[in-house]
Every structure is written in structure tokens, then in C-alpha cells.
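Working notes for the structure below.
The values are calculated or read from the model by the stated rules, or taken from the named source; none is laboratory data. The shown structure was predicted, so the numbers you read here are calculated from the model rather than taken from an experiment. For neighbour counting, all protein chains shown are included, and Cβ atoms are generated from backbone atoms with ideal geometry for every residue, glycine included. These accessible areas exclude ligands, DNA and RNA; they are computed on the full protein's heavy atoms, side chains included. Shrake-Rupley method; radii C 1.70, N 1.55, O 1.52, S 1.80 Å.
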Amino acid sequence: MNWSDFYLICFLVGFGLSVVALLAGSVHVHLPHLHVHQGIHLGRGGLGGRGADLSWFNFGTIAAFLAWFGGTGYLLEHYYGVWFLLALGVATLSGIGAASIVFLFLAKVLMSREAALDPIDYDMTGVLGRLSIPIRSGGTGELIYSQEGTRRVTGARSHDGAPIAKGAEVMVTRYEKGIAYVRPWEDALGDTEPRA
């Protein structure tokens with residue numbers, strides 16, 4: 001086996017892994033699950049984004065490295081007859097460059113909005129909202145509110161059992177078993193500071 005064959009095998013393995021990743025992501029092919037935790041994990045803010053817990057040594061970067069390393073090495077060795085060490089160096093740089101581009105795309109674009117969940121961000125007490133369905137005396141209505149930049153809906157009951165009209169601005173005083181207990185915003189102004 002010569003170096004051209006080695007490079008060609010690396011290219012075919014890298015390209016094959018890329019095809020498997022494409023098929024597994026688009027047609028939901030379920031392959032045996034294997035957990036391998038190696039590489040460097042960057043902590044929060046290590047990439048300047050919110051989703052920074054991504055290892056640089058992952059399936060996508062390995063596939064990109066192998067494909068570009070093998071393809072470049074094969075072309076330089078087989079077609080251009082470049083000296084062995086020069087071909088190896090250029091192929092390695094090419095593979096590292098491709099793997100870096102894939103990693104940066106994953107970290108900056110695909111995972112830029114990922115963040116660790118903080119329970120305080122989802123605490124309903126003090127949340128402001130508007131009733132889309134009125135609350136009758138002792139009954140249940142519907143509250144629309146914004147949380148983490150998303151419009152959300154939940155069931156709502158009056159804090160003291162009194163009716164509250166549709167469209168009224170309300171504040172959540174407590175949240176139990178999926179129901180928000182609310183009071184009109186005007187009544188809550190003197191009692192508690194709201195959370196946006």
C-alpha cells in the first residue's frame with residue numbers, strides 16, 4: 001500500500017461519515033448509540049456565544065478532517081507527485097482548516113442560541129400578562145405572557161376568586177399545578193414589583 005492509497009482511504013471514510021450524518025439527520029436512521037467523551041470542552045462564554053459547551057473533537061469535525069486531509073493528500077500525491085512531507089503537511093493543514101470551519105459553523109451558527117437552563121428564568125411569580133379568556137367568579141381563564149422571548153399561554157384563576165375581564169393586564173401571584181393565580185395589575189402595583 002502506498003501513500004496515495006492511504007489518502008484515498010481517509011477521503012472515503014471521511015466522505016462516508018458525512019453521508020451517514022446526512023442520512024441520519026434527514027431520514028431519522030437510528031444507529032447503535034455510543035457515548036464517547038473526549039476532547040476539550042469550552043466553558044460558558046469560551047466561544048463568545050451562549051452555547052459554548054461543544055467539544056472541538058466531534059463527529060462533524062472528524063468527518064471534515066478525514067475528507068479534506070484524504071482528498072488533498074490524494075490529489076497532491078497521486079496526480080502532482082509532490083514530495084511526501086510537503087504533501088503530508090499541506091494535507092494536514094487542509095484537514096485542520098476544514099475541521100475548524102465545521103466547528104465554528106456548529107458553535108457560532110447552529111448552537112448560538114443554546115444555553116443552560118436557569119430555574120429562576122422560568123419562575124412564574126411576578127410575571128405580567130394579559131387575559132385572552134376572561135376569568136369568571138371562581139372559574140378559570142387563559143393568560144398570555146412572554147418568557148425567554150417566546151409567547152406562551154397557561155390557565156389562570158383569580159387570586160381572590162373575583163372575576164377579571166378579557167384583555168386585563170394581570171400579574172401572577174403564585175403558580176400551582178399548571179395554573180397561574182393572578183390579580184389585576186392595578187391592584188398589584190402597591191404590593192409587589194413585577195418581573196418582566
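Ordering Trp185, Trp56, Trp83 by how much accessible area each has at a 1.4 Å probe, largest first, what is the list?
So the residues, ranked largest to smallest area, are Trp83, Trp56, Trp185.
Compute the length gained on full extension between Thr92 and Ile62: take 0.36 nm times their separation in residues and subtract their Cα-Cα distance, giving the result in nm to one decimal.
9.6 nm
Between Ser132 and Val109, how many nm apart are label points set 7 Å from Cα along the C-beta direction?
Label at Ser132, label at Val109, 3.3 nm between them.
Explain nothing, just compute: Karplus ³J(HN,Hα) = 6.51 cos²θ - 1.76 cosθ + 1.60, θ = phi - 60°, for every residue of region 8-15 in order, whole Hz, x for Gly and Pro.
So the J values, rounded to whole Hz, are 5, 5, 4, 4, 5, 5, x, 5.
Quick one: ranking Leu128, Leu110 by accessible area, 1.4 Å probe, largest first, what do you get?
Details: Leu128 70, Leu110 100 Å².
I get Leu110, Leu128, largest accessible area first.
So how exposed is His159, as accessible area in Å² (1.4 Å probe, rounded to 10)?
We get 80 Å² for His159.
For a quick check of understanding: with a 1.4 angstrom probe and all protein chains in place, what accessible area in square angstrom does Phe105 have, to the nearest ten?
My reading of the accessible area for Phe105 is about 110 Å².
List the residues, sorted by chain then number, that are 5 or more residues from Val182 or on another chain and whose placed amide H is less than 5 Å from its amide H.
Arg157, Ser158, His159, Thr173
So what does Thr173 come to for accessible area, using a 1.4 Å probe and Å² rounded to 10?
40
For Arg152, Arg113, Arg130, give the ranking by accessible area with the largest first, probe 1.4 Å.
Greatest to least solvent exposure: Arg113, Arg130, Arg152.
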